[in-house]
Amino acid sequence: MLVLIFGSLSVNAQPRWLSWEYTPTLNLNELETLIPEMKARDMHPYRIDSAAVNSKFGYTAYWLHNSNSQDNIIKTGMSGKEFLAESIEYRKQGYYPLDIAVTSTNSTPSFAMLLYKGDGDGGPKWQTDFGLSKQEFIEKSISLGKEGYIPTIAKAYYLNREIKYFGKWEYWSKNRPDRDSVQFGLGLSKEDLLQSLKRLPKGYMPEEIHALQTGSAVVYSFIAFANSIYKDVLVTTSMTKEEFSAKLESGYRLVSVSSFNENSRQDRYLFAGIIDNSNYGSATTLPVYRVPETIGVAPPSSSRILPIVPVMQKTRVWCWLAVGEMIFKSRGIPSINSEQNTQCGIIGTIEGNSPCALDCFNQYCIRPSGSNASTIRMLKNFAWMSAKKRFSASEGYELPLSMIKADIDSGRPIGAGISTGSRKYYLGADHIALIVGYEVRNNFESIYVNDPYPYNSGENPYIRYGGSETRPFQYKISLKAFTEGVFWHWSIYNINFN
């Protein structure tokens, strides 16, 4: 695994960039299903890549929350002819491609394109071409460079036992210092890539990388820009999904990603990428608002606890299923497990034709949610499969008492994502519990939380931060301690089933 680090200077940016989700090795149906689900959660596509194994594509997508990309469109599975036709049509409509993926099966290239709607000036002018040899790519870049175009995407694919190249070239009508000068490399071995990156002139920063598996070898292409907006990047060449995800979860922001299959093994995808470690705002930043010790002028005392019986999660990683069980039971959505093991029934139902449908206590099924998106999808899918109910909800960060009170008074519990251990505010929650009540007494705000995890006495975060256990798996704790101590940073609220 090659890792190169460039630069050390930090820059300022909005912390929203750290609110991301990353979904690797999706098949086409999974990607097409995920797009509207993610947009409904205000998550918008930012990068896309694909790799092929045995004529099947695995797509990798990267999503940003609350970005300026609400009008993004993903087109997948296009032939070369379809790609050119779609490019012309979307160019007329003012779109330009943020990212393009190309791979080939059965001697035919297949394209996926992520398009962004321009913001008035139409973005840059752009051209694309494919089926190029390395020399043809270089010559085209020189020719277009005389007209002011520079390459911004360079990707290789294997076709009829030859390496071919796809390229995108851009011309910006407005002055873009970070796009005035460019250097690139095509079809490089890992060693050549290393040397090329080391030889980059001062001030150049790699922003695009692509890896292609060709038999037992991997070839790399990259593009580096002068005056880049990125100042502290790390380049990787062959990380596993787990290694790459860990880097992103540690606070890096993805700049470019390329997935490839290791020696044609269908279950082994590796990732080359460029990730930026500039100072976008610490992932351990305290919540957006600070909860006051007291609430000022004391309102009338009030309290309410919903009659939702707390349950214990059946495995160490099934908190998401236990919270689903409590929500479903409170809304009359039935278990469809013959032994009334609701958590087992949920995982068996949503996984469909998998080992979970027959035996949920196995290695495949005993798994965590993996992301906030998966928890949302579980609530949505099981409600429909079990009771033909349509799930809807709002999603956000921690909530003030006024919003908690509004939901509880309306009979709606609140899913609360917490990360007591990692304390990474802008990333996915480590654990989920269910807020089922509130209490205001003597100018003091408390909440009641059903937490399904069987904590040992010395590791219970509710007790550590001054709370108390009111019944098995239910706690009363101050709102301030829950938000800042237990570290509440993600919510599913305004829950409805229709």
> What is the one condition in (1) buried (at least 21 other Cβ atoms within 10 Å of the Cβ); (2) touching a Leu at 6+ places or on another chain (Cβ under 7 Å) that Thr375 does not satisfy?
Replying inline: (2)
> Is it true that some residue in segment 138-153 is polar (S, T, N, Q), more than 21 Å from Ala85 (Cα to Cα) and surrounded by 14 or more Cβ atoms within 10 Å (Cβ to Cβ)?
Replying inline: yes
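Residues checked against (1) outside any strand (DSSP E or B); (2) modelled with pLDDT under 95; (3) of a type in the set (A, V, I, L, M); (4) more than 29 Å from the chain's Cα centre (by Cα):
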site: Lys424; (1), (2), (3), (4): yes, yes, no, no
site: Ala429; (1), (2), (3), (4): yes, yes, yes, no
site: Leu434; (1), (2), (3), (4): no, no, yes, no
site: Gly437; (1), (2), (3), (4): no, no, no, yes
site: Val440; (1), (2), (3), (4): no, yes, yes, yes
site: Glu445; (1), (2), (3), (4): no, yes, no, yes
site: Tyr448; (1), (2), (3), (4): no, no, no, yes
site: Tyr453; (1), (2), (3), (4): yes, no, no, no
site: Gly458; (1), (2), (3), (4): yes, yes, no, yes
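Within segment 105-133, can you find the residues that are among the basic types (Lys, Arg) and either modelled with pLDDT of 85 or more or over 21 Å from Arg47 (Cβ atoms) (or both)?
Taking segment 105-133 and keeping what is among the basic types (Lys, Arg), we get 117, 125.
Across segment 105-133, the qualifying residue is only Lys125.
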> Hey, among Lys389, Lys380, Lys405, which residue is assigned to a helix (DSSP H, G or I), of a type in the set (D, E, K, R), in contact with a Lys or Arg (Cβ under 9 Å, 6 or more places away or on another chain) and farther than 25 Å from Ser478 by Cβ?
Replying inline: Lys380
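The values are calculated or read from the model by the stated rules, or taken from the named source; none is laboratory data. Just so it is clear, the structure is predicted and the values come from calculations on it, not from any experiment. Heads up, the Cβs are rebuilt from the backbone with ideal geometry, glycines too, and the neighbour counts pull from every protein chain shown.
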